[in-house]
Amino acid sequence: MLGWELPPFFAGGVGMVCYHLTKALCDHGVDVTYVMPFGPRMICSGYMKIMVADHLFPKLRFKLKEVETLIGAYTTPESYGEDYQKYLASLSSKDRSKSLYGPNVFQEAQLFARKVRLIAFNEDFDVIHAHDHWTFPAAIAAKKASGKPLIVHVHITEFDKTGGTGVNQRVYDMEREGMHAADLVIVVSNFVKQRLMNNYGVPEEKIRVVHNAAEMMDETADHDASKIKETDKIVLFIGRITLQKGPDYFVEAARKVLEKDQNVKFIMAGTGDMLPRMIERVAEIGIANKFIFPGFVSRDEVAKLNKIADVFVMPSVSEPFGLVPLEAMWQETPAIISRQSGVSEVLNHVLKVDFWDVNDIAAKTLALLHYRSLHQQIKQHGALEVRNMTWEGPAQKCMDIYKELAGNR
Amino acid sequence: MVSVCFYFQVHQPFRLKKYSVFDIGNNSDYFDEEKNKEIIKKVAKKCYLPTNKLLLKLIKRHEGKFKVSFSISGVALEQFEKYAPEVLHSFRELAKTGQVEFLSETYHHSLSFLFDKQEFKQQVLMHKQKIKDLFDQEPKVFRNTELVYNNELANFVQGMGYNAILAEGADHILGWKSPNFIYTPKTAENMKLLLKNYKLSDDVAFRFSNKGWNEHPLTVEKYGRWISENNGKGHLINLFMDYETFGEHQWEDTGIFEFMEKLPEEILKHPDNDFVTVSEAAEKYPSVAELDIHNFMSWADVERDLSAWLGNSLQNSAAQELYKIGTIVKKTGDPALLSDWRKLTTSDHFYYMCIKWFSDGDVHKYFNPYDTPYEGFITFMNVLNDIIIRVRELQKQKQSEDKKLTYAQTTQVEFSHNMISETPSLTLIDPEISLSKIE
């Protein structure tokens with residue numbers, strides 16, 4: 001498996017999916033050789049590396065292969081440029097000519113591919129399972145080196161990231177090449193399947209939909225939010241404050257809610273390029289005192305926020321899957337989610353909206369805040385629903401796909 | 001000798017529009033006229049008109065030997081008047097044959113008996129009047145919404161002068177007994193209780209087109225045989241079903257119309273068999289035993305109880321809040337308001353809030369105009385809140401005219417205190433989850 005940073009290194013949604021899937025596969029008797037990109041971006045010590053390998057997965061089933069690279073799960077060509085400059089700056093002047101990494105992300109991807117090819121020569125395996133998307137050149141190299149079938153697992157595409165405009169041609173080409181070189185393509189939702197068929201020319205027969213599942217979390221201790229909740233209800237948004245996640249729709253809906261009910265506070269947790277604009281906007285429309293911007297929040301803080309929130313809103317413009325509402329529902333917080341998301345394909349006990357329909361978002365928020373029996377019922381059923389969404393399902397589907405490609409083993 | 005008693009239920013609710021919290025206090029246009037009209041016209045075309053035509057043909061053909069019974073809800077009749085008068089005309093043609101009997105039910109197809117017996121009585125009288133006006137018949141037989149039934153109901157209905165009442169022949173109340181006899185309800189010695197033979201009824205209403213059923217295809221010969229097999233083992237076969245079975249639940253291409261066309265002849269092949277209306281059945285056969293049914297039952301879902309409409313806290317709180325304000329609504333004396341409130345008592349609104357099978361997505365989902373039961377609840381409650389605002393407005397007006405307004409009534413309903421405020425703040429009812437005994 002060619003994946004991304006595993007816990008305790010936090011790589012966002014993709015990393016979490018890699019972790020959960022791998023764990024479930026190991027539990028089901030699949031031997032996983034996990035190639036993990038590893039670089040100075042990740043703060044680590046030798047101990048942590050061992051911890052990953054030894055403590056998270058059954059020893060006999062899991063083998064970790066780190067590969068030095070500067071690329072991360074969410075690297076963009078621009079961010080790579082910055083990371084590279086930082087790296088160079090950290091080297092002493094005489095080492096500068098002996099850079100370990102490529103000067104730009106595409107060359108680095110090729111270097112990475114070469115390293116992975118070596119691993120492919122030396123390891124014994126039945127299938128290659130590569131996750132988005134900088135791993136694709138490496139995956140193709142591994143396929144060529146070993147002759148084994150390749151599965152490419154698409155979590156998000158360049159199209160979704162950029163909203164369709166400003167697609168980076170080289171990134172797009174790389175994604176496309178990976179999808180076409182693969183024997184089968186796994187996608188996380190029908191939403192992504194359509195995207196691949198319409199924008200990447202991938203034939204339908206080659207695509208398999210494997211929806212993500214929910215992370216089974218520990219029960220969080222009750223966070224003391226009594227002060228704030230004395231007077232106000234809380235409506236929560238968690239995610240990158242960027243176009244794709246629809247933060248501006250959240251703000252406009254908040255305004256409508258406040259027109260009818262002043263006793264509500266809105267928490268927008270996360271960072272992103274649109275954050276300054278959002279802060280300006282709430283001030284502009286005079287609701288700044290109703291908003292809280294905590295910035296980046298840790299996993300623990302996410303759990304706490306989810307627990308104290310009364311309503312969770314995910315107004316994503318285009319969300320290939322969307323794990324965040326599952327976390328809210330786990331904490332017994334009802335969720336309002338955009339229909340333009342992969343996760344809306346699998347959830348029943350949520351309220352669904354179109355991301356642009358600010359009135360509907362506000363109306364449903366108000367209904368959840370004011371109709372107690374509704375709030376009660378939907379949060380209970382929702383909590384139950386996510387507890388039943390285990391990684392057993394996707395793991396089993398992946399195993400069926402492996403069997404399909406590699407014959408029974 | 002076996003008598004076959006066909007009874008058909010005709011009903012369409014006044015469905016609600018997408019009514020959001022922002023509409024509360026701003027518009028009182030709750031019902032989706034477009035959609036309701038569209039549905040009436042569609043079902044008229046697929047079911048009511050062709051089936052009425054067929055029945056008329058069969059009645060004429062069999063010269064008095066073939067008869068059927070109907071119960072048509074008041075809200076359906078109103079919609080026929082508005083959107084499909086030709087349907088009404090065809091029912092009138094059937095009435096004129098003298099072989100078609102109309103039953104009594106609540107005008108609004110409601111569960112009012114469970115909450116407000118006075119309201120129940122009023123709705124039944126309204127319906128009775130409507131049947132008299134349209135079909136020149138005075139119903140003598142009663143059926144409650146969705147065949148919800150128990151001893152208490154039988155007793156009450158007896159008090160209103162009816163001779164017979166219908167109910168579901170559910171296993172849990174019959175035990176070893178057969179639905180093919182007439183029974184006497186406990187506490188209502190003068191009433192005759194007719195029980196649905198659910199096996200034979202559902203063979204037509206549900207299983208008819210199911211290719212996975214081991215008796216598929218259901219031919220008239222086979223079905224006729226099953227009916228006649230009861231000779232000597234029962235008096236009466238009660239085939240109670242939704243009228244929409246013909247053409248809507250079972251589509252035309254399943255052959256349902258051909259089946260129905262040949263059925264009377266097949267049944268009448270045996271000289272011992274005949275067809276009866278519900279009143280004829282009640283008159284012809286004696287009661288064989290008393291049936292004690294204390295808990296409410298119905299003809300819905302596997303459980304045959306009230307859980308399709310009142311099984312979860314959404315349904316319960318919505319129903320309770322609705323019926324709580326009945327008296328105040330009537331006191332305003334505003335007929336439009338009362339009519340709107342009554343349209344909310346239609347049981348379908350609560351059916352749409354059922355979470356029971358939601359994850360499995362089955363029959364409830366098919367008839368549900370909402371994406372989720374939660375949306376059904378939200379829309380209903382929003383409308384209810386607007387009704388309350390209208391009541392308050394009318395009370396305020398009256399207050400200045402009539403000092404004797406009793407605030408005692410308003411406090412019962414947990415109104416928010418902001419009766420006088422400059423900016424209309426949100427004053428939604430926050431129903432408490434108090435599950436009262438609905439037995």
key: For the range B:194-302, alpha-carbon Rg relative to the globular expectation (2.2 N^0.38 Å, N residues)   = 1.16
task = Set Lys and Arg Cβ to +1 and Asp and Glu Cβ to -1, take the dipole of chain B about its Cα centre, and tell me which of B:Phe135, B:Phe246, B:Ile325 lies farthest positive.
result = B:Phe135
inquiry  = Please list 3J(HN,Hα) in residue order for the range A:279-287, calculated via the Karplus relation 6.51 cos²θ - 1.76 cosθ + 1.60 where θ = phi - 60°; whole Hz, with x for glycine and proline.
reply    = 4, 4, 4, 5, 5, 3, 8, x, 10
inquiry  = For B:Asp305, what residues show an amide H to amide H distance below 5 Å, using hydrogens built from the backbone and excluding near sequence neighbours?
reply    = B:Ser298, B:Ala300
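Give the percent of DSSP beta bridges with both residues in the protein assembly as shown that are antiparallel, rounded to the nearest 5.
Working: 4 of 74 bridges.
The antiparallel proportion sits near 5 percent.
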request  = Describe numerically, in nm with one decimal, the distance between label points set 7 Å from Cα along Cα→Cβ at B:Glu401 and at B:Lys65.
outcome  = 6.3 nm
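Test of understanding: what is the full-extension gain from B:Trp213 to B:His270, defined as 0.36 nm times their sequence separation minus their Cα-Cα distance?
17.8 nm
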remark   = Residues whose modelled amide H sits under 5 Å from the amide H of A:Ile186, counting only those 5 or more places away in sequence or on another chain, are A:Val152, A:His153, A:Val154, A:Arg208
query = From largest to smallest, what semi-axes in whole angstrom does the range B:96-221 give when each is the square root of 5 times an eigenvalue of its alpha carbon gyration tensor?
reply = 29, 19, 14
query = Using the Karplus equation 6.51 cos²θ - 1.76 cosθ + 1.60 (θ = phi - 60°), what ³J(HN,Hα) coupling, rounded to whole Hz, does each residue of the range B:108-118 give in order, writing x for Gly and Pro?
reply = 9, 6, 10, 9, 4, 4, 6, 10, 8, 5, 5
ask   = Given +1 on the Cβ of Lys and Arg, -1 on the Cβ of Asp and Glu, and no further charges, what dipole in debye does chain B carry about its Cα centre, rounded to the nearest 20?
value = 860 debye
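Could you tell me which of the pairs B:Lys330/B:Lys398; A:Lys144/A:Lys397; B:Lys35/B:Lys356; B:Lys35/B:Lys82; A:Lys307/B:Lys356 are separated by over 23 angstrom between their Cα atoms in the structure shown?
A:Lys144/A:Lys397; B:Lys35/B:Lys356; A:Lys307/B:Lys356
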task = Quick one, can you get me the convex hull of the C-alpha atoms of the range A:137-260 expressed as volume per residue in Å³?
result = 171 Å³
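Once every DSSP H run of n ≥ 4 in chain A is given -39500 (n - 2.57) and the sum is divided by its residues, what mean residue ellipticity at 222 nm do you get, rounded to the nearest 500 deg cm²/dmol?
-14000 deg cm²/dmol
Suppose every K and R has +1 on its Cβ and every D and E has -1 on its Cβ; what is the size of the dipole of the protein assembly as shown about the Cα centre, in Debye to the nearest 20? List each step's numbers first, then the result.
Numbers: 101 positive and 114 negative charges, 116 e Å.
Using Cβ point charges on Lys, Arg, Asp and Glu, the protein assembly as shown gives about 560 debye.
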request  = Taking the Cα centre of chain A as origin, work out the dipole magnitude from +1 charges on Lys and Arg Cβ and -1 charges on Asp and Glu Cβ, in debye rounded to 20.
outcome  = 520 debye
note = Scalar couplings 3J(HN,Hα) for the range A:61-77 by Karplus 6.51 cos²θ - 1.76 cosθ + 1.60 (θ = phi - 60°), nearest whole Hz, x for Gly and Pro, are 9, 10, 10, 9, 10, 8, 10, 5, 7, 8, 7, x, 4, 10, 4, 10, x
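Under 8 Å for C-alpha pairs, at least 6 residues apart: give me the relative contact order for chain B, rounded to a whole percent.
Answer for chain B is 21 percent.
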Exposure proxy ranking, count of Cβ atoms within 10 Å, fewest first, for B:Tyr107, A:Tyr249 = A:Tyr249, B:Tyr107
Local net charge near B:Phe135, Cβ-Cβ under 15 Å (Lys/Arg +1, Asp/Glu -1) = -1
message = Counting each pair of different Cα atoms once, what's the Kirkwood radius of the range A:65-182 in Å, rounded to one decimal?
response = 15.2 Å
query = Got a sec? Charge dipole of the protein assembly as shown, +1 on Cβ for Lys and Arg, -1 for Asp and Glu; which of A:Ile292, A:Asn104, A:Ile119 is way out at the positive end?
reply = A:Asn104
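Roughly how crowded by other chains is peptide A:379-390, in terms of the mean Cβ count from those chains within 10 Å of each of its Cβ atoms?
Working: counts 0, 2, 6, 0, 0, 1, 1, 0, 0, 1, 0, 0.
Mean inter-chain Cβ contacts per residue within 10 Å come to 1.
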Share, in percent, of DSSP beta bridges within chain B that are antiparallel, nearest 5 = 10 percent
task = Work out, step by step, the length gained on full extension between B:Glu283 and B:Ser307: first 0.36 nm times the residue separation, then minus their alpha carbon distance; give nm to one decimal.
result = 5.3 nm
ask   = Looking at the protein assembly as shown, what % of the alpha carbon pairs are farther apart than 43 Å?
value = 46 percent
Segment A:Gln169-A:Asp300, length gained on full extension (0.36 nm per residue, minus Cα span) = 43.4 nm
inquiry  = Under 25 °C and 0.890 mPa s, how fast does the range A:226-387 diffuse according to Stokes-Einstein, given a Kirkwood radius computed over C-alpha pairs? Answer in µm²/s, whole number.
reply    = 160 µm²/s
note = Amide H neighbours of A:Phe291 at under 5 Å, excluding residues fewer than 5 places away on the same chain, with H built from the backbone geometry, are A:Phe266
task = State the answer as a single residue: which of B:Tyr351, A:Thr333, A:His370 lies farthest towards the positive end of the charge dipole of the protein assembly as shown, with beta carbon charges of +1 for Lys and Arg and -1 for Asp and Glu, about the Cα centre.
result = A:Thr333
query = What's the exposure ranking of A:His370, A:His28, B:His349, going from fewest to most Cβ atoms within 10 Å?
reply = A:His28, A:His370, B:His349
query = When N is the residue count of chain A, what does its C-alpha Rg come to as a fraction of 2.2 N^0.38 Å?
reply = 1.02
ask   = Which value in nm describes the separation of the simple spin-label points at B:Asn155 and A:Asp124, placed 7 Å from the Cα toward the beta carbon?
value = 8.2 nm
message = Please arrange B:Met1, A:Met389, A:Met1 by how many other C-beta atoms lie within 10 Å of their C-beta, fewest to most.
response = B:Met1, A:Met389, A:Met1
task = Please give the calculated 222 nm ellipticity per residue for chain B, where each DSSP H segment of at least 4 residues contributes -39500 (n - 2.57) and the sum is spread over every residue; nearest 500 deg cm²/dmol?
result = -12500 deg cm²/dmol
Relative pair counts by distance (%), Cα atoms of the range B:2-291, 10 Å bins = 6, 27, 35, 23, 7, 2, 0
task = Tell me the label-point distance for the pair B:Glu258, A:Met216, using the 7 Å Cα-to-Cβ offset, in nm and rounded to one decimal.
result = 5.5 nm
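Each reported figure results from applying straightforward, stated rules to the coordinates on display, with no laboratory input. Fair warning: this is a prediction, and the values are worked out from it, not measured in the lab. Methodologically, a virtual Cβ is constructed for each residue, glycine included, from the backbone with ideal geometry; neighbour enumeration extends over all protein chains shown.
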